[in-house]
1. Please return the longest range in the chain lying between exposed loop sites, taking trypsin sites (Lys or Arg not before Pro), DSSP loop only, at most 16 other beta-carbon atoms within 10 Å, and leaving the sites out.
2. How much net charge surrounds Q350 when only other residues with a Cβ under 9 Å from its Cβ are counted (Lys, Arg +1; Asp, Glu -1)?
3. Rg and Dmax of the range 313-358, Cα atoms, in Å?
4. With N denoting the number of residues in the range 92-180, provide Rg(C-alpha) divided by 2.2 N^0.38 Å, to two decimal places.
5. Could you give the length gained by full extension between E262 and V45, i.e. 0.36 nm per residue of separation minus their alpha carbon distance, to one decimal place?
6. Quote the charge dipole size of the range 146-277 about the Cα centre in Debye, to the nearest 20; the model charges only the Cβ of Lys and Arg (+1) and of Asp and Glu (-1).
7. So for C222, C256, fewest C-beta neighbours within 10 Å to most, what's the order?
8. Sequence-distant or interchain residues sharing an amide H contact under 5 Å with E134, placed H: which?
Amino acid sequence: MKRFFLKVGEYILVALLVVASTWWLGTSVLTNEVLLPPQASEQAVIIDELFGTHWWLISFFFSLIVVFMLYSIVRSAVVHGLKPDHSGFGDFFEGNTRLEVVWTIIPLGLVLWLAYTGAVSLGNVERRYAGPLEIRVIGAQWNWRFEYITESGDVIVSDVLRLAKDRPTELLLQSTDVIHSFWVPEFRVKQDALPGGEEFVRVLRITPNELGEYELLCAELCGTEHYNMRAGVVVMAETEFDAWYAAAAEEAAAGCTLSAEECGLKWATQYGCLSCHAVPTSVVPPTVGPTWVGLANSTVTLADGSTTIADASYLTKSILTPNAQIHSGYQPNIMPQNFSEILTEDQINQIVAFILSLDN
Ligand code: CUA
């Protein structure tokens, strides 16, 4: 039996097919906007560069193996035919020290190089900048809240994450209940928001570098409304952001100067009440908690079968100690139990005034 190797012309053909296949795989994924959304942060540029390097290597090795294998199968069938007596088989041979050394050293070198570039990229993605914009990001079942602490110590609360283009930002992530995860695909970076208080606050650094509107998604399965735990993200020009910030800081310092009902609506929006409770303006009325529409002064049946009137005292108690009187048909422990720490007495009274104003 003779050993058979490919002819020189065949090696060139295989090499060309490998190059073509690598090129097709590489470009069809890396230029696909559905698979890879646009970049909108400096961190995204670093991550995409690393991903690109990996993807080109993957495309090359996949092509090398698959093209060579398919070519060998076709050639074997064409040249030798598929004979049932195995006489068309090539020579079997065992062991090739030189080849084994080569195919050990090359991957080892590649893996070490990938580990090095990975570590350098991670360092660059997590790099600290002096004087970052700090924003507290609070995830809760099932909404996001953003808090900016002003110089005078007031808190700007927002249900939309507003960022300034090119300004390094540190997001201080935490959760009030289960694990959530902060993910804006265009920023690429992702970080869990953990419950447990200050000790478990996690920092995510982002420097947005493209103006526009994006969407924050929760990337950790966190309950029935997980899929709907989203928030708007707006990257504004520096001057526009500063103007918004100054106005919001002034408003935070002054407190709410609107009517009690209007202030109540404002707090209910900012603190995420409306992601579980329906109001007349709900786009998609949520069903997680009892609706507020027509709730005022109605007769409510509680989980234990007793009834009560939804007046100011019932509503206040429902906000402060929700588990004390669960509305029949709803689950305990869904509503946060710590609103007495989050909201002031005035804010709670205003929310109650807002709910009572929704009388049909
Ligand atoms: Cu929060 Cu998923």
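1. Excluding the exposed sites themselves, the longest stretch runs over 129-360.
2. Net of charged neighbours comes to -2.
3. 10.7, 30
4. Ratio of Cα Rg to 2.2 N^0.38 Å: 1.99.
5. 73.8 nm
6. Charge dipole of the range 146-277: 380 debye, to the nearest 20.
7. Details: C222 21, C256 17.
Starting with the residue having the fewest Cβ neighbours, the order is C256, C222.
8. Under 5 Å from the amide H of E134: E170.
Taken together, the values in this text are just the output of simple stated rules run on the coordinates, not laboratory data. Computed from a predicted structure; not experimentally measured. Here Cβ is always computed from backbone atoms with ideal geometry, including for glycine, and neighbour counts include all displayed protein chains.
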